[in-house]
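Working notes, structure below.
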Amino acid sequence: MNSPPWWQEAVFYQIYPRSFASSNASGVGNLEGIREHLDDLVWLGVDALWISPFYRSPMADFGYDVSDYCDVDPLFGDLAGFDALLDEAHQRGLRVIIDWVPNHTSNEHPWFLDARSGPDARHRNFYVWRNGKGDNTEPPNNWVSAFDPGQPAWKFVADDRLENGGQWYLHLFDPAQPDLNWDEPAVEQAHHDILRFWLDRGVDGFRADVIHCIAKDPALPDDPVGSAGIPHCALNDVEAVHPRLRRLRSLLDSYPGDRMMLGEVYLFSTEAVATYYGTGDELHLAFNFPPLYAPWRADKWRQVIEATSSAFDPRGAWPTWVLSNHDNPRHRQRYDDQASHHGEDEATRHRRSMARARAAAVLLLTLRGTPFLYQGEELGLLDAVIDSGRRVDPGGRDGCRHPIPWTAGEDHGWPGEPWLPHAPEAERQNVESLKADEGSILHLYRRLLDLRRRFPELRRGSFTLLDSPPGTLSFRRSLDHEKAVIDIRINFGGEPVVVPLEAGAPEWILLASGSQGSGTRFPGVLGPDEAVLLGALA
């Protein structure tokens, strides 16, 4: 029997370079900071790193506005530093994928500087230019920007040489991020060359930013009236994207070493996202976003799991699971905000909040599919509180992008004043303090990752939802026709719940997120916001 590809069994760890670790007093994380902490990631037990953009950029969108796809911004280091990081990660058995931003460039990219110089510019057709409606004073259509709610995804550039006095260019995100025109073959060829540049350096793959947007309806029709206010990037789903993905897959498959592509397909429909796997000839993985928005409720999670299974399984598509990332509030923050705290003191609220975060770790790392951790969730971090004077992100996502606290000291391991404030509780929710506490959430993540390595049931086993009392979720991971079985039982509520075991069900605790000890027999009761893994033997 062939072994599954590495990316099916791996646990990925997302690194947002600005906030992971810094090797100097700039206050901004860098590639050398990542390299210096590779051993911490090996100790934790992750298998692969996804590194968010570090390319040359004016930083209007902190690296997602690329001005040079084939160089490192001096803020983060240089190409030699990237090569050293990649080499040392590989020496430690860590795979590395990097962000690729194919939908748009910076408005300071040489292509766009040339394109806006006039209608006959060499790179004019690299971008989406149109005349506006009426007398050219209104945008070409009603598409809405993702970064400026309710505002058009178009910007006018005056040019007296044009009959209408200028044209509009498309930007699904910030005006400093003009959309590329993938209908122009030279754009596709240029991006294939960019991928080859990094593949030749040895990267294991790419996380493709809003990959579904590299094809757009050339007629640029208005979005439906019922979608008013929804960014067009969340509605854009065009058939022409699929042959482009197949050509990208062929490029990756031409390299040795099982290179892969993970797509950000930001569509609300799980069924639509599943089509981006093609017939095993398009994306290797695609982010499944409903878990990011699911509340901490057993019934909602059962619905998310069932919807994912019904959409992905018939296609043979391998799902992904993610609770936090650089674009959304951290899951501990979300679950804490959703809970009722009437009459709770601060200590009680912290204890309950951490219990949910611990149980969520069990959920994420035992579902069937590839899990993605966002830096710091293994520390149980909340979002930082950002005063108006410190906010810098055009999308308002500063809170989840705070620097990682490495030490308990006042500077938390950052040589200079970091670019954003630290999260609340950084004095106790830091790597140094949590490593010293065997009962911490950090050690819980480490034990979970160790169990995934030890038990193939958790990496590639079948998945079966089990009957479970209200407010709880139970499922089974198994191999070899049920001979090897692990059951996961999760209580999503704030009170203990009796969870009867079926005849023949495993009853020995392999791991518990709460106070129940591993190696003991499960008593049939889950504590508040508690999760357990049960096996046949202690």
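Would you mind pulling out the separation of the Cα centroids of the stretch 124-184 and the stretch 209-236, in Å?
14
Over the stretch 225-377, with a single point scatterer placed on each C-alpha, what log10 of the ratio I(q)/I(0) does the Debye formula yield at q = 0.13, 0.16, 0.21 1/Å?
At q = 0.13, 0.16, 0.21 Å⁻¹ the computed log10 ratios are -0.70, -0.97, -1.37.
Near the amide H of Trp154, under 5 Å away, which other amide H atoms are found, from residues 5 or more places off or on another chain, if H is placed in the peptide plane?
Placed amide hydrogens put His171 under 5 Å from Trp154.
In the stretch 474-538, which trypsin sites (Lys or Arg not before Pro) fall in coil by DSSP and have 16 or fewer other Cβ atoms within 10 Å? Kindly include the intermediate steps, with their values, before the conclusion.
Values: sites: Arg476, Arg477, Lys483, Arg489, Arg521; in loops: Lys483.
Taking the stretch 474-538 and a limit of 16 other Cβ atoms within 10 Å, the loop trypsin sites (Lys or Arg not before Pro) found are Lys483.
Starting from the 7 Å offset along Cα-to-Cβ, what nm value, one decimal, do you get for the label separation of Gln151 and Val225?
Each label point is offset 7 Å from its Cα along the Cβ direction, giving 2.7 nm.
So, counting K/R as plus one and D/E as minus one, what does the shell of residues with Cβ under 12 Å around Val497 add up to?
On the way: positive: Arg489; negative: Glu495, Asp529, Glu530.
Net charge around Val497: -2.
Measuring from label point to label point, each 7 Å out along Cα→Cβ, what is the Glu271 to Arg161 span in nm?
Once both label points are built, they end up 4.9 nm from each other.
Give the cross-link partners of Lys216 among the lysines, using a straight C-alpha distance below 27 Å as the criterion and excluding same-chain residues fewer than 8 apart.
Straight-line reach from Lys216, under 27 Å: Lys133, Lys155.
Through the Karplus equation 6.51 cos²θ - 1.76 cosθ + 1.60, θ set to phi - 60°, convert the phi angles of the stretch 107-122 into ³J(HN,Hα) values in whole Hz; use x for Gly and Pro.
Karplus values, whole Hz, x for Gly and Pro: 6, 9, 5, x, 4, 6, 4, 6, 4, 7, 6, x, x, 9, 5, 4.
Rounded to the nearest 500 deg cm²/dmol, what is the calculated helix-only ellipticity per residue at 222 nm for the chain, with -39500 (n - 2.57) per DSSP H run of length n ≥ 4? Could the numbers behind the result be given before it?
Details: 16 runs with 147 residues, N = 538.
Theoretical 222 nm ellipticity from helices: -8000 deg cm²/dmol.
Give the long-range amide H neighbours of Glu507: residues separated by 5 or more places, or on another chain, with amide H under 5 Å away, using H modelled in the peptide plane at 1.01 Å from N.
Distant-sequence amide H within range of Glu507: Gly535.
Please list, by residue number, every one of the trypsin sites (Lys or Arg not before Pro) in the stretch 133-168 that is coil in DSSP and has at most 14 other beta-carbon atoms within 10 Å. It would help to have the intermediate numbers written out before the result.
Values: sites: Lys133, Lys155, Arg161; in loops: Arg161.
The qualifying sites are Arg161.
Just the C-alpha atoms of the stretch 306-402: what Rg/Rh do they give, with Rh taken as the Kirkwood radius?
Details: Rg = 16.0 Å, Rh = 15.3 Å.
With Rh from the inverse mean 1/r over Cα pairs, Rg/Rh is 1.05.
With each label point set 7 Å from Cα along the Cα-Cβ vector, what nm distance links Glu344 and Asp135?
That separation, rounded to one decimal, is 5.9 nm.
At a temperature of 37 °C and a viscosity of 0.692 mPa s, determine how fast the stretch 142-222 diffuses translationally according to Stokes-Einstein, using the Kirkwood radius over alpha-carbon pairs as Rh; express D in µm²/s, rounded to the nearest whole number. It would help to have the intermediate numbers written out before the result.
Details: Rh = 15.0 Å.
The Stokes-Einstein estimate is 219 µm²/s.
Roughly how far apart, in whole Å, are the Cα centres of the stretch 494-527 and the stretch 295-350?
The stretch 494-527 and the stretch 295-350 have Cα centres separated by 22 Å.
Hey, what's the Cα Rg ratio for the stretch 241-320 versus the globular rule of thumb, 2.2 N^0.38 Å?
Values: Rg = 13.8 Å, N = 80, 2.2 N^0.38 = 11.6 Å.
Taking the Cα Rg and dividing by 2.2 N^0.38 Å, one obtains 1.18.
Take the eigenvalues of the Cα gyration tensor for the chain, scale each by 5, and report the square roots as semi-axes in whole Å, largest first.
On the way: eigenvalues 331, 131, 110 Å².
Those come to 41, 26, 23 Å.
Any number yet on Rg/Rh for the stretch 88-146, C-alpha, Kirkwood? Spell out each step's value before the answer.
Numbers: Rg = 18.6 Å, Rh = 15.0 Å.
My calculation of the ratio gives 1.25.
Can you list which of the GluC sites (Glu not before Pro) found in the stretch 450-538 are DSSP loop residues with at most 13 other C-beta atoms within 10 Å?
Working: sites: Glu457, Glu482, Glu502, Glu507, Glu530; in loops: Glu482, Glu502, Glu507, Glu530.
Filter output for the stretch 450-538: Glu482, Glu502.
Given all pairs of different Cα atoms, what value in angstroms does the Kirkwood hydrodynamic radius of the stretch 440-538 take? Let's see the in-between values first.
On the way: mean 1/r = 0.0737 Å⁻¹.
Roughly 13.6 Å, rounded to one decimal.
I'd like the Karplus ³J(HN,Hα) series for the stretch 50-61: coefficients 6.51, -1.76, 1.60, θ = phi - 60°, whole numbers in Hz, and an x wherever there's a Gly or Pro.
10, 9, 5, x, 10, 6, 4, 6, x, 6, 5, 10
Using θ = phi - 60° and the Karplus form 6.51 cos²θ - 1.76 cosθ + 1.60, what ³J(HN,Hα) does each residue of the stretch 134-139 get, whole Hz, x for Gly and Pro?
x, 8, 6, 9, 10, x
Where a number appears in this text, it was derived from the coordinates with a stated rule and is not lab data. All of these numbers come straight from a predicted model, not from anything done at the bench. FYI the Cβ positions are ideal-geometry reconstructions off the backbone, even for glycines, and counts take in every protein chain you see.
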